[in-house]
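Peer 1: Before I ask anything, here is the structure I am working with.
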Amino acid sequence: MFNDIGPLELVTLVLLAVLVFGPEKLPKMIQDVTRTIRKIREFSEGAKQDIRQELGPEFKDFEFEDLNPKTFIRKQLDNDELGLKEIRNGFDLKKEMAEVTDAVHGRDADSSSSSSSSGSSGGTVDMTKKPEPDERPPYDADAT
């Protein structure tokens, strides 16, 4: 809950509490706050137990954290029934990008994979299409 409070902020809060409540009332205030937090936690745990009992035995694995949308989606995506792990593991981004590059350059996919694996390209790919020396650019009558 207070994970992002640094030491300087903590010292400031303690000094502010001493100034506002005074050194003689501060221990009683701390006890009251901790007692209130404990009662709230007990109340919430009791409410969770009541809800679990009312839902019945078919919801014995029900967790309230599953109601969080991020947790629910993560749990469903990690479920192997859909086969998403196989799809995710079977997808090779480097291979796909090499195929796209080869298609842009008009090369054969088999010859480029062997040349790209040798490291002759130096890690950079030129995505511009270079015209053939005897090929003239197309004439566009609307552009002139």
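Peer 1: Pick out, in residue order, every one of the trypsin sites (Lys or Arg not before Pro) in the stretch 31-70 that is DSSP loop and has at most 12 other C-beta atoms within 10 Å; say none if there are none.
Peer 2: Filter output for the stretch 31-70: K60.
Peer 1: Moving to a separate point now. I need the GluC sites (Glu not before Pro) found in the stretch 1-65, filtered to DSSP loop residues with at most 16 other beta carbons within 10 Å of theirs.
Peer 2: Sites meeting the loop and neighbour criteria: E24, E63.
FYI, it's all coordinate maths here, none of it is from the lab. Here the structure is a predicted model, which is why all the values come from computation and not from measurement. Virtual Cβ from ideal backbone geometry, glycine too; neighbours counted across all protein chains shown.
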